[in-house]
Each structure stands twice: as C-alpha cells, then as structure tokens.
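Comments concern the structure below.
The values are calculated or read from the model by the stated rules, or taken from the named source; none is laboratory data. Quick caveat, the model's predicted, so the values are computed rather than measured. FYI the Cβ positions are ideal-geometry reconstructions off the backbone, even for glycines, and counts take in every protein chain you see.
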Amino acid sequence: MSNKNQEEMCTDNNIKKQAEILLSQIITDNVKITLPIKKMFEIRTYVILQITRKRIIRLKIEASNCTLLENEELSDAVLFDKCLIFKDTTDELDLNDIIELIKNVNKTLKNLKFDRLTGEFVELDDDKKLDIDFWNCLIPNCDYIESIFDNCCVCLELTGTELKCCKKKLCIQCWDKLKSRYCNECNGNFDADCETEYCGHKPCPCCRRSIENQEVFNEELFD
C-alpha cells in the first residue's frame, strides 16, 4: 500500500471517528454547535452548525462585531447561510450523513470569498452570481436612476451595505473595525450592568450616532 493510500485511509478513519462523536451530541431536536473560528477575511465571526429536528443541518456565519437593528431588536449580521444536509423524510441523521457533513463543512469553508458589494461570504465556484459588471450592463447610467451601490464612506470601495442612521454606505469589513465608545465611568472596561445609555455602542463614522440604535450620544457622559 502506497503512502498516499495510507494517508487517505487515516484521514477517512479519522473523519469516521469524529463523525461518531458528533452524532452522539445530537440528542435533541435543536442543536447549535459553534466552531472555534475567531475571524474570516479579517472579520470577526461566529461560525455555527444549526441542527434542526435531527435531519436538517445549516452552516451559518455571522459577523460578531456588526449588529443590525431589525424590528427594534439587535441581531448579528448574517454573512453566509447554507443548508448542507436535508433529509426529506422522517429518518434521522445517520453516521454517513455526518461523514458527508464534515467533508462539506471543510470544503465549503475552504472555498469562500468575501463579497464587499453584498457584504456576504460567497463560494468560489458560484459562477452564476450577479456581480457589479452584470448590473452595469443591465442598468443604464441615467441621472434619474440611483443605484443601491455606492462607495464605502471609509475605504471608498463599492458596496451595497448601508447604515440605517444616515443612509451612508459602509462595507462589512470597515464596519467590523469600528471601535465602541464607553462612558467615563466604564472608561473602556464595559460593565454589563452599566446604566449609561449607549455605553459600548459604536458611533457611525459619518453622523456619529449610535449604529446600534441610531440615537445621539450624550457627550457629557463620554470622553
């Protein structure tokens, strides 16, 4: 047996062993597994396997430092969401499903790129994606037409992600790098019990209001 075949067998055996461990963790209808990944493309992230009803598995990537205000509630910006396993039966996940899952997660994470235009992670082999060249061909350059794409107010690269507070464009990579403001009492060491409004919020680089809730900072309470 060649060294290459031995390596492949060891890899397959290891995947099977890890699949058995993972399968043993799926004991309820809803299981969330957070992968130990801190950053992707310099963006701080949560990478999550969401297992539902023991037969559906999604891979989700959220920006842990970019919060969006939706329906008066804050949520992390979702950068990637893909269904990796879906069993259209009442059968639960088996060992072969989990082996396939491990291979799919590894392959998917290895073949992502960051699309600044949409503020999302996309797969490299997605050759059907509608990019800016397509939109420029389709939409005429007219004074009465305003595109949703514009230059990021920080890096000046073209993007479609927008700040709700002042409607300026801010790409996810620059959004992630914004520093939070802390009140004089916390002084950078944010206390979860701090009663100062907006303490720990990020200021918009354009209007300086809180990105999280669009409110104006009380400058008397902040440096």
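Filter the stretch 195-209 for residues that are farther than 22 Å from S75 by Cβ and loosely packed, with under 15 Cβ neighbours inside 10 Å; which is nearest to the chain's Cα centre (by Cα)?
Among those residues, the one meeting the criterion is R208.
Search the stretch 72-121 for residues being under 21 Å from the mean Cα position of the chain (by Cα) and assigned to a loop (DSSP other than H, G, I, E, B), and hand back the single one that is nearest to I132 (Cα to Cα). Quick ask: steps written out before the conclusion?
Going residue by residue through the stretch 72-121, those that are under 21 Å from the mean Cα position of the chain (by Cα) are 72-85, 101-121.
Now narrow it down to the ones that are assigned to a loop (DSSP other than H, G, I, E, B): 72, 111, 116-119.
Details: E72: 32, N111: 21, R116: 11, L117: 8, T118: 10, G119: 13 Å.
Among residues in the stretch 72-121 that are under 21 Å from the mean Cα position of the chain (by Cα) and assigned to a loop (DSSP other than H, G, I, E, B), the one nearest to I132 (Cα to Cα) is L117.
How about the stretch 106-153: which of its residues are farther than 30 Å from Q18 by Cβ and in contact with a Ser or Thr (Cβ under 8 Å, 6 or more places away or on another chain)?
Result: R116, L117, T118, G119, W135, I139, F149, D150, N151, C152.
Just a yes or no: is a residue in the stretch 145-160 in contact with a Phe, Trp or Tyr (Cβ under 7 Å, 6 or more places away or on another chain), farther than 23 Å from L74 by Cβ and in contact (Cβ under 8 Å) with a residue 24 or more places away in the chain?
There is at least one residue in the stretch 145-160 that is in contact with a Phe, Trp or Tyr (Cβ under 7 Å, 6 or more places away or on another chain), farther than 23 Å from L74 by Cβ and in contact (Cβ under 8 Å) with a residue 24 or more places away in the chain.
Can you tell me how many residues in the stretch 13-53 are outside any strand (DSSP E or B) and either of a type in the set (F, W, Y) or buried (at least 16 other Cβ atoms within 10 Å of the Cβ) (or both)?
So in the stretch 13-53, the residues outside any strand (DSSP E or B) come out as 13-29, 36-38, 41-42, 53.
Of the ones still in play, those that are also either of a type in the set (F, W, Y) or buried (at least 16 other Cβ atoms within 10 Å of the Cβ) (or both) are 15, 19, 22-23, 26, 41.
Going through the stretch 13-53 one residue at a time, the tally reaches 6.
(1) modelled with pLDDT of 90 or more; (2) in a strand (DSSP E or B): which one isn't true of T67, the others all being true?
Single failed check for T67: (1).
Before we move on, is V154 surrounded by 11 or more Cβ atoms within 10 Å (Cβ to Cβ) and in contact with a strand residue (DSSP E or B) (Cβ under 7 Å, 6 or more places away or on another chain)?
Values: surrounded by 11 or more Cβ atoms within 10 Å (Cβ to Cβ): yes; in contact with a strand residue (DSSP E or B) (Cβ under 7 Å, 6 or more places away or on another chain): no.
It is false that V154 is surrounded by 11 or more Cβ atoms within 10 Å (Cβ to Cβ) and in contact with a strand residue (DSSP E or B) (Cβ under 7 Å, 6 or more places away or on another chain).
Quick check on my filter: what residues within the stretch 137-188 are aromatic (F, W, Y) and either outside any loop (DSSP other than H, G, I, E, B) or within 20 Å of R209 (Cβ to Cβ) (or both)? Steps first, please.
Here is the first cut: in the stretch 137-188, the ones aromatic (F, W, Y) are 144, 149, 175, 182.
W175, Y182, listed by residue number.
Taking K177 as meeting all but one of (1) buried (at least 19 other Cβ atoms within 10 Å of the Cβ); (2) within 20 Å of the chain's Cα centre (by Cα), write down the number of the exception.
Checking K177 against (1) buried (at least 19 other Cβ atoms within 10 Å of the Cβ); (2) within 20 Å of the chain's Cα centre (by Cα), the one that fails is (1).
Out of D193, D125, report the one residue that is among the charged types (D, E, K, R), under 28 Å from K38 (Cα atoms) and either free of Cβ contacts under 8 Å to residues at least 12 places away in the same chain or outside any loop (DSSP other than H, G, I, E, B) (or both).
Only one candidate passes the filter, namely D193.
Tally up the residues in the stretch 15-70 that are without any contact (Cβ under 8 Å) to a residue 24 or more places away in the chain and among the small types (G, A, S), please.
2
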